[in-house]
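Working notes, beginning with the structure itself.
The values are calculated or read from the model by the stated rules, or taken from the named source; none is laboratory data. Keep in mind that what you see is a predicted model, and the values were worked out from it rather than measured. In this analysis, Cβ positions are derived from the backbone assuming ideal geometry, glycine residues included, and neighbour counts consider all displayed protein chains.
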Amino acid sequence: MKYSMDSAICLSAFHAGALGEFGGEIIVELDEGLTKFESSMRNGVTSTNREGNVNDPSLKFEKVKDAEQIIKDDMEEGKSVDFLNKKTG
């Protein structure tokens, strides 16, 4: 999900599912611009329709994963995991 550059960061990250109701850490990425941002209802928040500009970057949000989640994701993808050093590969 992409958001316009003037979007409220925390509310947009919550809408995107990257931020929980008690906060947390997120990664904010700049992405390609869009000609239009369409309204949607997610996590109890409704975004609004608005025009965009392909020359202006958009925002994307990602939740920062902790070590346990990274290991779990890597195991599901079949990657080897060193549990003593929490290294994956």
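Tabulated data
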quantity	calculated
Subset of the stretch 6-28 [surrounded by fewer than 15 Cβ atoms within 10 Å (Cβ to Cβ), among the hydrophobic types (A, V, I, L, M, F, W, C) and either outside any loop (DSSP other than H, G, I, E, B) or modelled with pLDDT of 95 or more (or both)]	ALA8, ILE9, CYS10, LEU11, ILE27, VAL28
Every pair of residues 6+ apart whose Cβ atoms lie under 8 Å, when the first sits in the stretch 1-16 and is free of Cβ contacts under 8 Å to residues at least 24 places away in the same chain and over 19 Å from GLU51 (Cα atoms) while the second is of a type in the set (A, V, I, L, M) and outside any helix (DSSP H, G or I)	CYS10/LEU19
Breaking point among (1) modelled with pLDDT under 95; (2) in a loop (DSSP other than H, G, I, E, B); (3) surrounded by 12 or more Cβ atoms within 10 Å (Cβ to Cβ); (4) not charged (D, E, K, R), for ASN85	(3)
The stretch 29-61 - residue that is assigned to a strand (DSSP E or B) and over 12 Å from LYS2 (Cβ atoms) and, of those, nearest to the chain's Cα centre (by Cα)	ARG42
Selection count, the stretch 29-53, where residues are surrounded by 15 or more Cβ atoms within 10 Å (Cβ to Cβ) and touching a Pro at 6+ places or on another chain (Cβ under 8 Å)	1
Count of residues meeting criterion [closer than 11 Å to LYS60 by Cα and not β-branched (Val, Ile, Thr)] in the stretch 18-32	5
Residue, nearest to ALA18 (Cα to Cα), within the stretch 37-78, restricted to residues that are of a type in the set (Gly, Ala, Ser) and free of Cβ contacts under 8 Å to residues at least 40 places away in the same chain	GLY44
In the stretch 57-74, the residues that are surrounded by 13 or more Cβ atoms within 10 Å (Cβ to Cβ) and of a type outside the set (Lys, Arg)	PRO57, SER58, LEU59, PHE61, GLU62, ILE70, ILE71, ASP74
